[in-house]
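Input: a single structure, listed below in structure tokens.
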Amino acid sequence: MDGYQYKYQHLSELVAGLPEGVSPARYISTFRAAVREGVITAVPIGDRFEVGAHKYPDDMVRVTPDFEAWHKRTLQAFELRKARRGVVAHADDVRSGSVDFDEVAAKYRQQLAGRAHVKRSKQPKKKGKPKLMPTTPDDQLTAQPAGAADRE
């Protein structure tokens, strides 16, 4: 080892600290994909934790600047997905140059053009409650229970 004292964190702790509105299941899936692809490094620790009705195996991740950057980007991506569907970029990424402005603008233009060509069917107007027609004296007699006309 290089003598540096690393900090470690459980996946269960990360999930418990997620901001409101971020799906724990989606975060766990994204986390596992990042481990599988070698973007972040984690080890299984044999414990399990519950989220709702589901149990997940717990992992431990080494908290490095690379991991912290991945975690921040992932939470930003979830935040953007929640705020807006389709092509979207985080303002900090645009300002820093980590996102190609022209490329995102071209994708956005394509997205808008694609939406313009989609024919949307007109929604039928909601009909209110049916109106009752005025009744005649004959209708009133037929609506009475049997034998009621004999009592009068």
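The values are calculated or read from the model by the stated rules, or taken from the named source; none is laboratory data. As the structure is a computational prediction, the values presented were derived from the model and not from experiment. Neighbour counts run over all protein chains shown; Cβ positions are idealised from the backbone, glycine included. Ligands, DNA and RNA are stripped out before the accessible areas are found, and what is left, the full protein with its side chains, is counted by its heavy atoms. Shrake-Rupley method; radii C 1.70, N 1.55, O 1.52, S 1.80 Å.
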(message) Give me a comma-separated list of calculated 3J(HN,Hα) values for the stretch 8-15, in order, Karplus coefficients 6.51, -1.76, 1.60 applied at θ = phi - 60°, integers in Hz, x for any Gly or Pro.
(response) 10, 9, 7, 4, 4, 5, 4, 5
(request) Enumerate the calculated ³J(HN,Hα) couplings along the stretch 99-112 in order (Karplus 6.51 cos²θ - 1.76 cosθ + 1.60, θ = phi - 60°), each rounded to whole Hz, writing x wherever the residue is Gly or Pro. (result) 10, 6, 4, 5, 5, 5, 4, 5, 5, 5, 4, 4, 4, 5
(request) Starting from the amide H of D58, placed 1.01 Å from N in the peptide plane, find each other amide H under 5 Å away whose residue is 5 or more places distant or on another chain. (result) I45, G46, D47, R48, F49
(request) Quote to one decimal, in nm, the extra length available between K7 and D93 on full extension: 0.36 nm per residue of separation minus the C-alpha distance between them. (result) 28.3 nm
(message) Modelling each spin label as a point 7 Å along the Cα-to-Cβ direction, I'd like the E103/A25 distance in nm, to one decimal.
(response) 3.2 nm
(message) Within the stretch 7-47, name every residue whose backbone N is under 19 Å away from a label modeled 7 Å from Cα of K55 along the Cβ vector.
(response) 11-13, 15-16, 25, 28-29, 44-47
(request) Could you provide, to the nearest whole Å², the per residue accessible area of the stretch 1-77 with probe 1.4 Å? (result) 65 Å²
(message) Please list 3J(HN,Hα) in residue order for the stretch 18-31, calculated via the Karplus relation 6.51 cos²θ - 1.76 cosθ + 1.60 where θ = phi - 60°; whole Hz, with x for glycine and proline.
(response) 5, x, 4, x, 8, 6, x, 5, 5, 5, 4, 4, 5, 4
